[in-house]
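A short write-up of the structure that comes next.
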Amino acid sequence: MFSFFEGTPDLVCIASKDGYLKNVNKAVIDTLGYSKEELFSRHISSFVVTEDREITAKTRLDLLKGINLVNFENRYITKDGRIVWLHWTSFFLPEKEVVFAIAKNITLKKEAEKEVDKKYQKFKNLANHFKRSLEKDRKQFAIDLHEELAQLAAVINMDINSILSLNEELHDVVKQKLTHASEVTGLLIQAIRKIAFEISPYMLDDFGLKETLNYLCQDFTQNNDISCNMRLDFNEADLTQEVKVDFFRICQEAMRNVIKHARATEVNLSILDFSHGIELVFSDNGMGFENIDRMQFSGLGNLRDRVESLNGSFAINSSKSEGTTLKVVISK
């Protein structure tokens, strides 16, 4: 027992029931920098970082009730003011009224994780910057399409109709060509407006996510003869503009995949507010996929990337002849 107590690189402690150290090995002294006298004279909680004291005290009470402590992590302040992370395994010996505890110093691991998190946050911020920049560029392009090209086409259509009003002076062939040109110009205006909406959902700013998705659903049904059912029950004030745009893009991409791959006759979209977060579910009754891991339709990666940028969870289920369902949850 003595050889293990002093020979192990782990921190080994024996503490009284009331929270004072009774014995420690050399690893504890080397790690924390206090002498045995200093360690034994103070309550254990005084060495713990202030923010970790409450959870440490609660865990200690559970330990005294016979609940063994496994994989518990907290932070200690060394004598020279540094903070070290310790990973504990402890159990209470009621017949001796002492706690036996072993800890590993995981400070280097925690610092490495912190550095990874820092880099991840940096890249995430950069990705979000590019995403916002892209949406801004899309919005400007959509405005240019709608305000410039559509208006020019509308002026051309007005001129054509003005010429057509000179009914007696026009040859029948000319009237026929002008009528056709007017119809084509009308279709062009509709196409420009549709493309502008797909590039940037300008309705989001003016009417909100619910109205924009309602328009998207109606347009989807009208152009593809696929029934689109919606259930929207959430507070738009709880969603940032970024989430609104991403939810729109997710629905838009899901509808594109239905058109390209699903052979469905019906889709269902719901966005509901739960205590754990906002949940988006999109399903179709199409052909489905036998092996979900081999699904290669083009938008899946885009969907995952969007959800991950929001720190959300993404799941997709599919089976042959039973359709496909995707589920997105964004925490509040």
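Values in this text are rule-based calculations from the coordinates and carry no lab data. Not measured: the values here are computed from a predicted model. Cβ coordinates were reconstructed from backbone atoms using ideal geometry, including for glycine residues, and neighbour counts include every protein chain displayed.
Taking the structure as given and computing Rg/Rh (Cα atoms, Kirkwood Rh), which label from (1) 1.06; (2) 1.26; (3) 0.95 fits? Among (1) 1.06; (2) 1.26; (3) 0.95, the one derived from this structure is (2). For segment 108-200, a Kirkwood hydrodynamic radius built from all Cα pairs, placed in the Stokes-Einstein relation at 37 °C and 0.692 mPa s, yields a translational diffusion coefficient of 192 µm²/s.
Could you sort out which of Lys136/Lys320; Lys109/Lys131; Lys22/Lys104; Lys136/Lys327 sit more than 30 Å apart by Cα distance in this structure?
Working: Lys136/Lys320 39 Å; Lys109/Lys131 32 Å; Lys22/Lys104 19 Å; Lys136/Lys327 27 Å.
Over 30 Å Cα-Cα: Lys136/Lys320; Lys109/Lys131.
Give me Arg231, Arg263, Arg53, Arg306 ranked fewest to most by other Cβ atoms within 10 Å of their Cβ, as a rough exposure proxy. Please report the intermediate quantities before stating the final value.
Working: Arg231 10, Arg263 13, Arg53 16, Arg306 21.
With the fewest neighbours first, Arg231, Arg263, Arg53, Arg306 line up as Arg231, Arg263, Arg53, Arg306.
The helix-only estimate of mean residue ellipticity at 222 nm for the chain, built from DSSP H runs of length n ≥ 4 each weighted as -39500 (n - 2.57), is -16500 deg cm²/dmol after division by the residue total.
If the convex hull of the alpha-carbon atoms of segment 2-105 is projected onto planes in all directions, what is the mean projected area in square nanometres? Before the final figure, lay out the partial values.
On the way: hull surface 24.3 nm².
The orientation-averaged projected area of the Cα hull of segment 2-105 comes to 6.1 nm².
When only alpha carbons of segment 206-332 are considered, Rg and Dmax amount to 13.9, 42 Å. Membrane-span-like helices in the chain, defined purely by DSSP H runs whose alpha carbon atoms cover 27 Å or more axially and whose average Kyte-Doolittle hydropathy reaches -1.0, are 172-199.
Fewest-first ordering of His180, His87 by other beta carbons within 10 Å of each residue's beta carbon gives His180, His87.
Positive end of the charge dipole of the chain (Lys, Arg +1 and Asp, Glu -1 on Cβ, about the Cα centre): tell me which of Leu326, Ala315, Val258 has its Cα farthest that way. My answer, from the dipole projection, is Ala315. For the chain, the cysteines with no partner cysteine C-beta closer than 4.7 Å are Cys13, Cys251.
For the chain, modelled as a GNM with alpha-carbon contacts under 10 angstrom, which of Glu242, Glu253, Glu38 fluctuates the most? Result for the chain, Cα springs under 10 Å: Glu38 fluctuates most.
Would you mind classifying segment 108-264 by shape? Square roots of the alpha carbon gyration tensor eigenvalues, ordered a ≥ b ≥ c; an a/c under 1.5 is rounded, otherwise it is prolate if a/b is larger than b/c and oblate if not.
Working: a/c = 3.24, a/b = 2.32, b/c = 1.39.
Prolate, because a/c is 1.5 or more and a/b exceeds b/c.
Under the 0.36 nm per residue contour assumption, what length would be gained going from the current alpha-carbon distance of Asp172 and Lys58 to full extension?
Working: separation 114, 0.36 × 114 = 41.04 nm, distance 9.22 nm.
Computed gain between Asp172 and Lys58 is 31.8 nm.
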